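Only one structure is covered here, and it is reproduced in the block below.
Nothing in this text is a laboratory measurement; each read-out follows from the coordinates by a stated rule. A quick note: this is a predicted structure, and the numbers were derived from the prediction, not measured. Glycine also receives a Cβ, built like all others from the backbone with ideal geometry; neighbour counts cover every protein chain displayed.
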Amino acid sequence: MELRCEGCAGCCVDWRPIDPDAAGDGDRTGRRPTLDDRYDLVPLTRDEVVAFLDRGLGDVLVPRLFEPAEGDDHVTVDGITLAAVRDRPTFVVGLRKPSKPVAPVGTGVSRWLDSCVFLDPTTLQCRIHGREEYPRTCSVYPAHNLELDAETECERVEAAGGGERLIEADVPAETPAPPFGSHALGATVFAYPVSADLDGVVDRLRQGFGTDDDRARFVGAAAGSRPGSLSVDRDRMAEARVRAREADSWAGRAIDAWTARAGTDGALVGLDDAERERLVHRLEDDAGAPGTPGWGR
Ligand code: SF4
Ligand code: SF4
């Protein structure tokens with residue numbers, strides 16, 4: 001696989017406002033409609049969820065629930081039918097995407113677009129690339145799409161006139177299994193143990209108004225899960241929920257700061273490059289964000 005990622009970030013940014021026809025439907029996860037409209041959520045493994053918690057980054061995590069596909073178990077909460085295993089709603093955990101001032105997919109023009117919490121808006125590089133917490137899904141992208149003969153974000157960017165991106169489309173032999181399927185229960189697809197505890201929560205998440213505590217309770221359930229099983233360790237779940245709720249990282253604070261400043265989706269930012277860079281530096285780098293290496297390495 002050979003990619004040309006400089007100036008792209010198509011898989012880290014919701015660029016539908018730039019070109020809704022060329023961008024995808026926003027879902028990497030297959031045939032079950034998602035309750036939220038987040039673009040390209042990165043599903044994390046249980047161990048990755050725990051690793052983020054261990055680094056004090058529990059405030060960057062967000063759950064995703066699903067509507068059932070035909071034949072799925074399901075359960076109703078807040079009047080909303082959810083995909084389930086038996087009576088337990090299924091969910092994944094990914095990274096939050098606040099609106100940031102970015103110029104992705106080769107446009108060179110800064111707009112307010114939902115962007116991964118770890119995307120440096122100035123360099124369009126990932127701030128955790130190559131670090132221990134770098135998600136496996138990102139490290140192998142777009143190998144699973146290529147394996148399944150599914151369109152890649154790189155090809156969508158190319159179709160939108162964002163330059164040549166997918167240079168070589170061979171799938172590396174060491175590519176791990178995709179994050180969904182029967183092996184994924186308790187590893188990347190989790191089941192919330194008591195659906196009655198989600199009254200009010202599901203409706204808020206669907207409307208995009210989930211609270212810190214709403215997010216934390218799912219992070220707790222994911223961290224308490226056992227790969228290959230439905231069981232959830234209640235002590236680990238409770239402890240992880242507290243850690244997620246109490247997290248106060250540079251990244252969580254940057255999400256709040258960007259959210260307070262953001263214009264409407266796709267709106268021009270209205271700052272010149274130097275002004276935008278200073279703002280990014282103040283809200284992310286000065287707050288403790290790891291730097292990015294540059295494209296010349
Ligand atoms: S973790 Fe990095 S590579 Fe993955 S979506 Fe976020 S910015 Fe992009
Ligand atoms: S969409 Fe493809 S080319 Fe663009 S940043 Fe992601 S992996 Fe790289």
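Things worth noting here:
- Charges were assigned to the Cβ only: +1 to each Lys and Arg, -1 to each Asp and Glu. The resulting dipole of the chain about its Cα centre is roughly 700 debye.
- Counting Lys and Arg as +1 and Asp and Glu as -1 over every other residue whose Cβ lies under 11 Å from the Cβ of Ala143, the net charge comes to -2.
- Among Arg86, Arg215, Arg236, sorting on how many other beta-carbon atoms sit within 10 Å of each Cβ, with the fewest leading, yields Arg86, Arg236, Arg215.
- Stretching the chain fully between Asp233 and Thr107 yields a gain of 40.6 nm (0.36 nm per residue, less the alpha carbon separation).
- The chain: angle of helix 212-223 to the longest principal axis, Cα-based, in degrees nearest 10: 70
- Residues of region 152-172 with an amide N closer than 12 Å to a point placed 7 Å from the Cα of Arg4 along the Cα-to-Cβ direction: 158, 162-168.
- Largest mean-square fluctuation among Val157, Val109, Val232, in a Gaussian network model of the chain whose springs join Cα atoms under 10 Å apart, belongs to Val109.
- Around Ala262: net Lys/Arg minus Asp/Glu count, Cβ-Cβ under 10 Å: 0
- Exposure proxy order (Cβ contacts within 10 Å, fewest to most) of Glu246, Glu284: Glu246, Glu284
- Rg and Dmax of region 125-171, Cα atoms only, in Å: 12.0, 34
- If the segment from Tyr134 to Asp47 were pulled out straight at 0.36 nm per residue, it would be longer than the present Cα-Cα gap by 30.1 nm.
- Net length gained if the chain between Arg253 and Arg282 were fully extended (0.36 nm per residue, minus Cα distance): 9.3 nm
- Each of Gly162, Leu148, Phe209 was placed along the dipole of region 146-212 (beta-carbon charges, centred on the mean Cα), and the one lying farthest toward the positive end is Phe209.
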